[in-house]
1. Against the conditions (1) over 17 Å from Ser77 (Cα atoms); (2) surrounded by fewer than 14 Cβ atoms within 10 Å (Cβ to Cβ); (3) without any contact (Cβ under 8 Å) to a residue 24 or more places away in the chain, where does Ala67 fall short? Just the number, please.
2. Residues of the range 11-26 being within 21 Å of Val74 (Cα to Cα) and either of a type in the set (A, V, I, L, M, F, W, C) or out of contact with any Leu (no Cβ under 8 Å at 6 or more places or on another chain) (or both), which ones?
3. State all residues of the range 25-52 that are more than 24 Å from Pro71 (Cβ to Cβ) and either in contact with a strand residue (DSSP E or B) (Cβ under 8 Å, 6 or more places away or on another chain) or acidic (Asp, Glu) (or both); if no residue qualifies, say none.
4. Considering each of Arg59, Arg45 in turn, give the residue that is under 14 Å from the mean Cα position of the chain (by Cα), modelled with pLDDT under 85 and among the basic types (Lys, Arg).
5. Could you look through the range 23-42, keep only residues that are free of Cβ contacts under 8 Å to residues at least 40 places away in the same chain and under 10 Å from the mean Cα position of the chain (by Cα), and pick out the one that is farthest from Tyr7 (Cα to Cα)?
6. Looking at the range 32-57, which of its residues are charged (D, E, K, R) and outside any helix (DSSP H, G or I)?
7. Where residues in the range 1-22 are in contact with a helix residue (DSSP H, G or I) (Cβ under 8 Å, 6 or more places away or on another chain), of a type outside the set (Phe, Trp, Tyr) and at pLDDT 85 or above, which of them is surrounded by the most Cβ atoms within 10 Å (Cβ to Cβ)?
8. Of the conditions (1) closer than 21 Å to Ser77 by Cβ; (2) touching a helix residue (DSSP H, G or I) at 6+ places or on another chain (Cβ under 8 Å); (3) modelled with pLDDT of 85 or more, Asn29 fails just one. Which one is it?
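The values are calculated or read from the model by the stated rules, or taken from the named source; none is laboratory data. Keep in mind that what you see is a predicted model, and the values were worked out from it rather than measured. Every residue, glycine among them, receives a Cβ derived from its backbone with ideal geometry; neighbour counts consider all protein chains shown.
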Amino acid sequence: MHDGLSYTDKEYDYAFKRGLKVIAFVLENPELIGLGKSDADPELRARLHPFREKVAANRLVKSWTKAEDLPGLVALSPSKLTSAVKCGRHKSHKVGLI
């Protein structure tokens, strides 16, 4: 049965339920993505904003504007998350990557 959730939504929910630390990498201006590179269905496009809000709530969030910036953000962010755990900002000590 199709529950209406994207795989990305399901992956996030799985990580959240398991108590894994989450780093969100979000495109700064998703409305600028052309229809050829994103969902054309208006209903599916409308789901993006609520998902972004859910992912960003109480999480380490990094925004990016150019695709070439993303690898650097991904490479540096685990050390920032580790620092946040050591400072007590994140209570979970579980390890995982979804």
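1. The one condition Ala67 does not meet is (1).
2. Initially, the range 11-26 is screened for residues within 21 Å of Val74 (Cα to Cα), giving 11-16, 19-26.
Within the range 11-26, Glu11, Tyr12, Tyr14, Ala15, Phe16, Gly19, Leu20, Val22, Ile23, Ala24, Phe25, Val26 qualify.
3. So in the range 25-52, the residues more than 24 Å from Pro71 (Cβ to Cβ) come out as 35, 39-47, 49-50.
Within the range 25-52, Asp39, Asp41, Glu43 meet the criteria.
4. Values: Arg45 fails: under 14 Å from the mean Cα position of the chain (by Cα).
On inspection, the qualifying residue turns out to be Arg59.
5. Within the range 23-42, the subset free of Cβ contacts under 8 Å to residues at least 40 places away in the same chain is 24, 26-42.
Pick out the ones that are also under 10 Å from the mean Cα position of the chain (by Cα) and you get 24, 26-27.
Values: Ala24: 15, Val26: 16, Leu27: 18 Å.
If we take residues in the range 23-42 being free of Cβ contacts under 8 Å to residues at least 40 places away in the same chain and under 10 Å from the mean Cα position of the chain (by Cα), then Leu27 is farthest from Tyr7 (Cα to Cα).
6. At the first step, the residues of the range 32-57 found to be charged (D, E, K, R) are 37, 39, 41, 43, 45, 47, 52-54.
Hits for the range 32-57 are Asp39, Asp41, Arg47.
7. As a first pass, look at the range 1-22 and keep what is in contact with a helix residue (DSSP H, G or I) (Cβ under 8 Å, 6 or more places away or on another chain): 5-6, 8-9, 12, 21-22.
Still in the list and also of a type outside the set (Phe, Trp, Tyr): 5-6, 8-9, 21-22.
Now narrow it down to the ones that are at pLDDT 85 or above: 5-6, 8-9.
Working: Leu5: 13, Ser6: 13, Thr8: 12, Asp9: 16.
Among those that are in contact with a helix residue (DSSP H, G or I) (Cβ under 8 Å, 6 or more places away or on another chain), of a type outside the set (Phe, Trp, Tyr) and at pLDDT 85 or above, it is Asp9.
8. All conditions are met except number (2).
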